[in-house]
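Each reported figure results from applying straightforward, stated rules to the coordinates on display, with no laboratory input. The model shown is predicted, which means the values in this text are computed figures rather than measured ones. Cβ sites come from the backbone with ideal geometry, for glycine too, and all protein chains shown count toward neighbours.
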Amino acid sequence: MQRLLVVVNGAAGTTDDDSVQTVLTALRSGADVTVAATASADELRRAVSDREGRRLVVVGGDGSVHAAVAALDAAGGLDPEDPVGIIPLGTGNDLGQALDLPLDPARSAAVVLDGIPRRLDLVRDDDGGVVVNAVHGGAGARASAEAAGLKERLGKVAYPVGALVAGVSTDGWCLRVEVDGRVAGHGAAGWAADGETPVLMAAVCNGPTIGGATPIAPGARLDDGLVDVVVSVATGPLARAAFAAALREGRHVERDDVLVVRGREVAVTGGPVDLVADGELEEAVGSRLWRVQPHAWSVLVPR
């Protein structure tokens, strides 16, 4: 019988959620299950370190998977021969959707019990962090930062209000973006992300979507050893609106003020700029370097 450690977010009170109970019931039909409700990074690291050979199963969205993989990596337990199970019960679930994981709790539990491993790339940064799906900086991340300060008062409308504030309060960031040692440039349009041209957004994408299926990098693949780097210089009011409309359908990559470059190493300098990595906000980052580690871990996916 399989032995599983199921990690849920105790801080969010998800242990009593009906969906979580459905998952646990389904898993217990075919496995010996231990549940760890963790409310902090330290608790998560301890749970992962002390799992005693149990397979790690993460219940939640990209942020939960991000935290669990970081904890597993810190504990020296990140091994592509030991696949992680993911139950995508988060808000966005971009990684889960890219892997064709079912969003139905019982069906996702069945994949954990009977799925096959798929090796995935991991993106590591020079600050000791990891990215499983995507990291982006600029207007979208600033909107997240603005929303964080408004959430207590405004609830669900905090993000659109934050996006509005971010949209009218910035002319962009003069970021220099280098991919595999070369400045990312757009010859046809005559511009480059050289630190002098204001940038609306820069994203480093292992997976194709962010924010619950927004196709920011439609051609990105999770296991090809490369990231898709997407840069937009659509900083004017009309250009920002047109970019946002095109982004919803993945047509932004056809615009002259957007470029997509693929590579193994990405450096962004010229901050401070806010970043969102797998849904987790980090404010006022001066510079950051990311490198792809091919096939560093694996996830159970449908047969």
Completion exercise
Ranking V69, L5, A106 by how far each Cα lies towards the positive end of the charge dipole of segment 2-114 (+1 on Lys and Arg Cβ, -1 on Asp and Glu Cβ), the top one is L5
Fill in the blank from the handout: Once the dipole of the chain is set up from charges on Cβ (+1 Lys and Arg, -1 Asp and Glu), the residue from the list W290, A184, S19 lying farthest towards its positive end is S19
Problem - Spin-label proximity, V183 to segment 217-235 - amide N less than 20 Å from point 7 Å beyond Cα toward beta carbon - result: 229-235
Practice task
Let me know the charge dipole size of segment 2-114 about its Cα centre in debye, to the nearest 20, where only the beta-carbon of Lys, Arg (+1) and Asp, Glu (-1) is charged.
Solution key: 220 debye
Handout entry: Environment charge of H66, counting only residues whose C-beta is closer than 9 Å and scoring Lys/Arg +1, Asp/Glu -1
Key = -3
Fill in the blank from the handout: Label model pair H295, A241: point-to-point distance (7 angstrom along the Cα→beta-carbon line) in nm is 4.9 nm
Problem - Local electrostatic count at R221 - Lys and Arg +1, Asp and Glu -1, tallied over other residues with Cβ under 9 Å - result: -4
Problem - Order of I86, I210 under a 10 Å beta carbon neighbour criterion, fewest first - result: I210, I86
Handout entry: Angle between the chain longest axis and helix 62-74 axis [Cα atoms, degrees, rounded to 10]
Key = 70 degrees
Problem - R0 of 30 Å, Cβ-Cβ distance D42-M1: FRET efficiency to nearest 0.05 - result: 0.50
Practice task
Could you state the angle between the C-alpha long axis of helix 18-28 and the longest principal axis of the C-alpha atoms of the chain, as a value from 0 to 90 degrees rounded to the nearest 10?
Solution key: 50 degrees
Exercise for the section: Rounded to the nearest 10 degrees, what's the angle between the helix 158-169 long axis and the longest principal axis of the chain, both from Cα atoms, 0 to 90? Expected result: 20 degrees
Completion exercise
Relative to the compact-globule estimate 2.2 N^0.38 Å (N residues), the Cα gyration radius of the chain stands at a ratio of 1.01
Problem - Two-site label geometry, D17 and D100: point separation in nm, points 7 Å out along Cα→Cβ - result: 2.5 nm
Exercise for the section: Evaluate the charge dipole of the chain about its Cα centre and quote only its size in Debye, nearest 20, assuming +1 on the Cβ of each Lys and Arg and -1 on the Cβ of each Asp and Glu. Expected result: 400 debye
Fill in the blank from the handout: Rounded to one decimal in nm, the spacing of the 7 Å Cα→Cβ label points at L281 and T34 is 3.6 nm
